[in-house]
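Every number in this text was worked out from the coordinates using simple rules, so none of it is lab data. Bear in mind that the values here come from a model prediction, so they are computed numbers and not experimental data. Every residue, glycine as well, gets a Cβ built from its backbone with ideal geometry; the counts of neighbours run over all protein chains shown.
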Ligand code: HEM
């Protein structure tokens, strides 16, 4: 006998649609906008779940020792990063819906929530940790330990101590084969130095610090070998074998941009709604959020590589051997 699946059962709609219990109703002080407030947070949490799901699958592929640069797997990574960024754009837009709630509407139920706060969104903190945000880098790091449940802290700590997406990308870049045993870098370095204006001459030392193993103590989330590979990909994105790696790096930068856009929009919404009052989670509110906006970039060292680009017309001509490896020259 055919077993028919019903829409409501498949989606577990009974549980989902029964999950909006207004605190203001429990306290016999119905506040109309609390429904919007709950639903919008729930929608965010569902999307966070999807983002974590995509991220886990991406990291699983990256962990394979032999990820091939023109394999379907790299395509899958780029595709899923692109999807994640599309979701993040939606999350930024959703702030507009939240902003239809006025400060007075929020005051009708705000005190009833304390000390609950988006600050306790462990999925958001987990997302940041898996991407590569370390505990010491967090603005007001001790705060999250005081706000989350033990089981949630354990999950985030496990992500912080495991390899993050940023670290996996670093290892993948380090493995890039083309740049071993060739004399590309001394020539490129010379052309870069010639491209600097008088006021930028200090960049010469920075170039050596970022790209040379001899300057081991420079604080950078990417190793010199990974930086060299990253820059090479940015210089020559048109070569067939570098097209997907270039898209991948771009998607990572896009992710930082979308996350920081969300932080910025959320911070302004908070300022418009509660001014300079402390958050329901007990943080300094707007100022705390400004700190996370300034400090929680994950892929900023990849973004900084663009400081070392030179004009296309001045680029060194690649030798035949290299061109063949990158997929343009014929035998
Ligand atoms: C009027 C609406 C909102 C207000 C007034 C508000 C306010 C705040 C404040 C003041 C904080 C700082 C922590 C604290 O002390 O509470 C915070 C953090 C946070 N909020 Fe909101 N929020 C609102 C809507 C949202 C929505 C719709 C989301 C979606 C999930 C959200 C997610 C978060 C997250 C993830 C954090 C932690 C950010 C971090 O630690 O970097 N908030 N919020």
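Can you tell me the 0 to 90 degree angle between the C-alpha axis of helix 150-161 and the longest principal axis of the chain, rounded to 10?
Between the helix axis and the principal axis of the chain, the angle is about 10 degrees.
Counting only helical runs of four or more DSSP H residues, what would the 222 nm mean residue ellipticity of the chain come to if each run contributes -39,500 (n - 2.57) and the total is spread over all its residues?
-19000 deg cm²/dmol
Once you order the gyration tensor axes a ≥ b ≥ c over the Cα atoms, which shape class does the stretch 207-252 get: rounded for a/c under 1.5, otherwise prolate or oblate by comparing a/b with b/c?
Prolate, since a/c reaches 1.5 and a/b exceeds b/c.
For helix 224-235, what angle does its Cα long axis make with the longest principal axis of the chain, in degrees from 0 to 90 and rounded to 10?
Roughly 90 degrees, rounded to the nearest 10.
Where does each of 283, 57 land when they are ranked from fewest to most other beta-carbon atoms within 10 angstrom?
Placing the least packed residue first, the sequence is 57, 283.
Can you grab the distance from the C-alpha centre of the stretch 56-109 to the C-alpha centre of the stretch 13-39, Å, no decimals?
Computed from Cα coordinates, the inter-centre distance equals 27 Å.
Sort 223, 24 by Cβ crowding within 10 Å, fewest neighbours at the top.
The fewest-first ordering by Cβ neighbours comes to 223, 24.
Does the stretch 210-327 come out rounded, prolate or oblate, given a ≥ b ≥ c as the square roots of the eigenvalues of its C-alpha gyration tensor, rounded meaning a/c under 1.5 and, failing that, prolate meaning a/b above b/c?
Judged from the Cα gyration tensor, the stretch 210-327 comes out prolate (a/c at least 1.5, a/b above b/c).
Using the count of nearby Cβ atoms within 10 Å as a rough guide to exposure, how do 49, 134, 4 rank from fewest to most?
4, 49, 134
Sort all Cα-Cα distances of the stretch 2-98 into consecutive 5 angstrom bins from zero, then give the percent of pairs in each bin up to the one containing the longest distance.
3, 10, 14, 14, 14, 14, 12, 9, 6, 3, 2, 1, 0
Counting residues in the chain as N, plug N into 2.2 N^0.38 Å and put the Cα Rg over that result.
Its radius of gyration relative to the 2.2 N^0.38 Å reference: 1.20.
How far apart, in nm, are the 7 Å Cα→Cβ label points at residue 201 and residue 41?
Here the answer is 5.8 nm between the modelled labels.
Using only Cα atoms, locate the centre of the stretch 183-232 and the centre of the stretch 255-331, then give the distance between them in Å, rounded to an integer.
20 Å
What does the convex hull of the Cα atoms come to per residue for the stretch 109-240, in Å³?
Taking only Cα atoms, the stretch 109-240 has a hull volume of 199 Å³ per residue.
If contacts are Cα pairs under 8 angstrom and at least 6 residues apart, what is the relative contact order of the stretch 164-331 in percent?
29 percent
Expressed as an acute angle from 0 to 90° and rounded to the nearest 10, what is the orientation of the C-alpha long axis of helix 165-174 relative to the principal long axis of the chain?
Rounded to the nearest ten degrees, it is 10.
For the stretch 119-162, I need the span (max minus min coordinate) of the C-alpha atoms along each principal axis, in Å, sorted largest to smallest.
Sorted largest first, the three principal extents are 21, 20, 15 Å.
What percent does the relative contact order of the chain come to when contacts are Cα pairs within less than 8 Å and at least six residues apart?
Over the chain, the number comes to 23 percent.
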